[in-house]
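Trainee: Once you've had a glance at the structure underneath, I'll fire off some questions.
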Amino acid sequence: KQEVTQIPAALSVPEGENLVLNCSFTDSAIYNLQWFRQDPGKGLTSLLLIQSSQREQTSGRLNASLDKSSGRSTLYIAASQPGDSATYLCAVRLDTGNQFYFGTGTSLTVIP
Amino acid sequence: ETGVTQTPRHLVMGMTNKKSLKCEQHLGHNAMYWYKQSAKKPLELMFVYNFKEQTENNSVPSRFSPECPNSSHLFLHLHTLQPEDSALYLCASRNIAGGSETQYFGPGTRLLVL
């Protein structure tokens, strides 16, 4: 069974800092990996999707990388803003099946 | 975001009650999902429907009963729940015919079982 781990569980940074969130997974036979954002009491919003054949994806201040062989992905957030405060989750989909495996998330607080 | 809606947003029920959660997607998608999100735990996939057919049942107790009458609507019928079933229940949809991998989530129903 795929295990997805996110470190750290919580992170607090001052506004303007660049930061990195980590995601690791045990089964490298993945189809893709996604990063989501979840605001308190709300559903998830997809931020970036990386196919297994890709190394990274970028959207604005966000950059996600994927190292499939080592079972790792990082989400880089540049010039953090208070509005970035949320929980960030990564999810992987295996080559087989229709299931997405989620991590427990990193709760980010950006202090003005 | 109104692409995927869920009702009710909050629900308190006793262990002997019967209630239903509703999910509706307005995106023209053809796959729908139920997830359970408990504190300090990863999202747990419960059920998957592709083109109205159930394709995944992740060993979910029979006190949870899904129903997908059409590709736009998904229900989760609840009966004789336990306090440990208290959680945020999230619905998601995806366009598998279009090859999209992105799931669109609803805001969730916060369930408390007393």
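The values are calculated or read from the model by the stated rules, or taken from the named source; none is laboratory data. This one's a predicted model, so the numbers in the text were calculated from it and none came from an experiment. As a convention, Cβ positions derive from the backbone with ideal geometry for all residues, glycine included, and neighbour counts pool all protein chains shown. In case anyone asks, the SASA skips ligands and DNA or RNA and just uses the protein heavy atoms, side chains included. Shrake-Rupley method; radii C 1.70, N 1.55, O 1.52, S 1.80 Å.
Trainee: Search region A:73-85 for residues being of a type outside the set (V, I, T) and more than 10 Å from the chain's Cα centre (by Cα), and hand back the single one that is surrounded by the most Cβ atoms within 10 Å (Cβ to Cβ).
Mentor: So, considering only residues that are of a type outside the set (V, I, T) and more than 10 Å from the chain's Cα centre (by Cα), the one surrounded by the most Cβ atoms within 10 Å (Cβ to Cβ) is A:S80.
Trainee: Give just the number: which of (1) over 30 Å from B:T7 (Cα atoms); (2) among the hydrophobic types (A, V, I, L, M, F, W, C); (3) more than 11 Å from chain B (Cβ to nearest Cβ); (4) part of a strand (DSSP E or B) does A:I50 not satisfy?
Mentor: (3)
Trainee: Do we find a residue being within 22 Å of A:K1 (Cβ to Cβ), within 11 Å of chain A (Cβ to nearest Cβ) and over 14 Å from the mean Cα position of the chain (by Cα) anywhere in region B:28-39?
Mentor: Yes, that holds for at least one residue.
Trainee: Only one of these is more than 20 Å from A:Q2 (Cα to Cα) and at pLDDT below 95: A:T45, A:T58. Name it.
Mentor: Step by step, each of A:T45, A:T58 is checked, and only A:T45 is more than 20 Å from A:Q2 (Cα to Cα) and at pLDDT below 95.
Trainee: Can you list the strands (runs of 3 or more DSSP E) lying wholly within region B:51-114 that have 1 or more residues being over 30 Å from A:I50 (Cβ atoms)?
Mentor: Details: elements: B:53-57, B:64-70, B:73-79, B:87-94, B:109-113.
In region B:51-114, B:64-70, B:73-79, B:109-113 are the strands (runs of 3 or more DSSP E) which contain 1 or more residues that are over 30 Å from A:I50 (Cβ atoms).
Trainee: Here are A:Y101, A:Y88, A:Y31: which of them is open to solvent by less than 10 Å² (accessible area, probe 1.4 Å) and hydroxyl-bearing (S, T, Y)?
Mentor: The match here is A:Y88.
Trainee: Just need a number here: residues in region A:67-103 that are small (G, A, S), in contact (Cβ under 8 Å) with a residue 40 or more places away in the chain and within 11 Å of chain B (Cβ to nearest Cβ).
Mentor: Within region A:67-103, residues that are small (G, A, S), in contact (Cβ under 8 Å) with a residue 40 or more places away in the chain and within 11 Å of chain B (Cβ to nearest Cβ) number 2.
Trainee: Just to be sure, is B:A97 hydrophobic (A, V, I, L, M, F, W, C) and open to solvent by 50 Å² or more (accessible area, probe 1.4 Å)?
Mentor: yes
Trainee: Do we find a residue being at pLDDT 95 or above, open to solvent by less than 50 Å² (accessible area, probe 1.4 Å), more than 10 Å from every other protein chain (Cβ to nearest Cβ) and under 14 Å from the mean Cα position of the chain (by Cα) anywhere in region B:52-63?
Mentor: Within region B:52-63 (the criterion being at pLDDT 95 or above, open to solvent by less than 50 Å² (accessible area, probe 1.4 Å), more than 10 Å from every other protein chain (Cβ to nearest Cβ) and under 14 Å from the mean Cα position of the chain (by Cα)), the answer is no, since none of the residues qualifies.
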